[in-house]
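In what follows, a single structure is set out as structure tokens and then discussed.
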Amino acid sequence: MRGEGECLRLLRRRDLPLDTVQEILADRAARKFHVVRRALAAHPRTPRGDALALVATLFWRDLAWLSADAAVHPAIRRAADLDLARRLPDMAVAERVDLARNVGRGTLVYLRLDPDPRVLASVLENRFLIEADVIQAASLDRDGRADCLALIAEHPRWGLRSAVRSTILRNPALPVPLALSLLTRASLQDLRGVLDSPRSPSLVRACAERVLAERTAGV
């Protein structure tokens, strides 16, 4: 019978013989440790069926770890993401905030739509986030989305992206004061996009028209 530390040291070896992996799999005492189960699920020599069965026994932090590790087989990462997606509705806000900061893309696509701005703030710092995710988040116009739009607009990285800014400006849930602030530093393309969008509030459209006229006067 091997202890937790010995099992983890062995499982760090990607070339670990299959016989040794199977010995650890058969060791009930070793498998009581969630970090050993996680290491087994992630190991390339663990038979796929055994690895998938282990995924369902893991805590959400272990699943997040699997989801974000590019060295883990895609099928295992996908299983971790599906399990996380199933658990999301029952997770507390603080747990989702922590998860959003570190999880891989498979779960990030769900968290980018989370209605709580605290979760979105963590999503915006996730290293796997891409512009298309931010645009998707910025396009939602359901009730209570104003704080989320403000977070995106004021973000030092994503708020500077033209496509993101344009999406925010066209969102009818955008608070008018913030919309007017954004219009003063919007590009000509952004301004024309606001005028062309039927979703733009009338006051925002009128202000965009005025800013555009001032910018293009004499051109």
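We did not get these values from a lab; they are worked out from the coordinates using the rules stated. None of these values were measured; they are calculated from a predicted model. Don't worry about glycine lacking a Cβ; one is built from the backbone with ideal geometry, like all the others, and counts go over all protein chains shown.
Table for the structure above
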quantity: Cα-based Rg of the stretch 141-219 normalised by 2.2 N^0.38 Å, two decimals; calculated: 1.03
quantity: Cut-off 11 Å between beta-carbons: net charge of the residues surrounding Gln189, Lys and Arg +1, Asp and Glu -1; calculated: 0
quantity: Taking the chain and dividing mean pair separation by its residue count, relative contact order in percent (alpha carbons under 8 Å, at least six apart); calculated: 10 percent
quantity: Helix-only CD estimate at 222 nm, as mean residue ellipticity for the chain, using -39500 (n - 2.57) per DSSP H run (n ≥ 4); calculated: -18000 deg cm²/dmol
quantity: Neighbour-count order for Cys148, Cys207, fewest beta carbons within 10 angstrom listed first; calculated: Cys207, Cys148
quantity: Length-normalised contact order for the stretch 145-197 - Cα pairs under 8 Å, 6+ apart - percent; calculated: 36 percent
quantity: Within the stretch 1-76, trypsin sites (Lys or Arg not before Pro) in DSSP loop having at most 13 other beta-carbon neighbours inside 10 Å; calculated: Arg12, Arg13, Arg14, Arg28
